[in-house]
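K.L.:
So that we are looking at the same thing, I have put the structure below in structure tokens.
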Amino acid sequence: MKSVKSETIRSFLAIELDEELVPKIIDVQKEFKKTNANIKYVPSENMHFTLKFFGNIDMDMVEDIASAVEKVIKNYSSFDLNIKNCGCFPNKNVIKVLWLGLEEGSPIANLQKDLDREFKKLGFKKEKNFISHLTIGRVKSPKNKKDIRNTIEKLEDIEIGQFTVSKICLKKSTLTSQGPIYENIKVFDLD
């Protein structure tokens, strides 16, 4: 008798961005577009703060992940995040990812640590150096690196604005030739 293999999905846990802040973030992307660099920009509907990237998981794991999230968020209520600062990964000499950050002292770091502790019990690796960020673009080639670096430096201290986090989402990511498509599998409300 054949065993039935569970469907696998590519997934991650995220905080969705408040739509009111999207125009300011698109303005930041426009600043980078002036460099004429080869950058693939994140569409506004895909912008988020990742709490945990799970990669490919069996659908059977969804309930275990949901239980872990529910256990952790019992200790959290909704909180504010202040989006500010512009930077890149891994560094200004080798620019691969453009991002916007969060004000220091944000509750997201503790939430991520608490979630990570539970996810480790499910067999997921702990994050080594978690830096909460909102990816706005991926640099595809080193063309115009100096202009990209200058734009990062010009926008380093930018203030985008504050929003209230009242839910976190377990998302499915379907990779397509046009880019990933994200859909919510589960939504967890913060009291």
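Taken together, the values in this text are just the output of simple stated rules run on the coordinates, not laboratory data. Just so it is clear, the structure is predicted and the values come from calculations on it, not from any experiment. Cβ: placed from backbone, ideal geometry, glycine included. Neighbour counts: every protein chain shown.
K.L.:
Return the long-range amide H neighbours of V42 (sequence gap of 5 or more, or a different chain), with a cut-off of under 5 Å between placed amide H atoms.
P.N.:
G137, R138
K.L.:
Assign unit charges at the C-beta atoms only (+1 for Lys and Arg, -1 for Asp and Glu), then state the dipole size of the chain relative to its Cα centre in Debye, rounded to the nearest 20. Each step should come with its number before you reach the end.
P.N.:
Values: 32 positive and 28 negative charges, 253 e Å.
Charge dipole of the chain: 1220 debye, to the nearest 20.
K.L.:
Using the per-residue mean of other Cβ atoms lying within 10 Å as a proxy for protection, in what order, highest first, do the peptides 10-17, 141-148 fall?
P.N.:
On the way: 10-17: 20.6, 141-148: 14.5.
Taking the mean over residues of other Cβ atoms within 10 Å, the ranking is 10-17, 141-148.
K.L.:
Follow-up question, since we're still on this one. Do any of K84/K167; K34/K128; K40/K167 go past 30 Å between their Cα atoms, and which?
P.N.:
On the way: K84/K167 21 Å; K34/K128 34 Å; K40/K167 28 Å.
Long pairs (Cα-Cα over 30 Å): K34/K128.
K.L.:
Loop only by DSSP, 11 or fewer other Cβ within 10 Å of the Cβ. Give me the trypsin sites (Lys or Arg not before Pro) in the stretch 60-135 that pass, ordered by residue number. Write out the running numbers ahead of the final one.
P.N.:
Details: sites: K71, K74, K84, K92, K96, K113, R117, K120, K121, K125, K126, K128; in loops: K74, K92, K125, K126, K128.
For trypsin sites (Lys or Arg not before Pro) across the stretch 60-135 that sit outside H, G, I, E and B with at most 11 neighbouring Cβ atoms in 10 Å, the list reads K74, K125, K126, K128.
K.L.:
As a test of the formula, what do you get for the chain when each DSSP H run with n ≥ 4 contributes -39,500 (n - 2.57) and the sum is divided by the residue count, at 222 nm and rounded to the nearest 500 deg cm²/dmol? Spell out each step's value before the answer.
P.N.:
Details: 4 runs with 50 residues, N = 191.
Result for the chain, helices only: -8000 deg cm²/dmol.
K.L.:
Using amide H atoms built in the peptide plane, which far-off residues or other-chain residues are under 5 Å from L190 H to H?
P.N.:
K167, I168
K.L.:
Suppose a student asked you for the relative contact order of the chain, using Cα pairs under 8 Å spaced at least 6 residues apart; what percent would you report?
P.N.:
Values: 329 pairs, mean separation 62.9, N = 191.
Computed over the chain, the figure is 33 percent.
K.L.:
Further question: Could you tell me what fraction of 2.2 N^0.38 Å the Cα radius of gyration of the chain comes to, as a two-decimal ratio?
P.N.:
Numbers: Rg = 17.7 Å, N = 191, 2.2 N^0.38 = 16.2 Å.
Rg over 2.2 N^0.38 Å, computed on Cα atoms: 1.09.
K.L.:
Say the dipole of the chain comes from +1 at the beta carbon of Lys and Arg and -1 at that of Asp and Glu; which of N56, S77, I108 then lies farthest toward its positive end?
P.N.:
About the Cα centre, the residue reaching furthest to the positive side is N56.
K.L.:
Let me check I've understood the local charge: for G161, count other residues with C-beta under 10 angstrom from its C-beta, Lys and Arg +1, Asp and Glu -1. What total comes out?
P.N.:
Its environment carries a net charge of -1.
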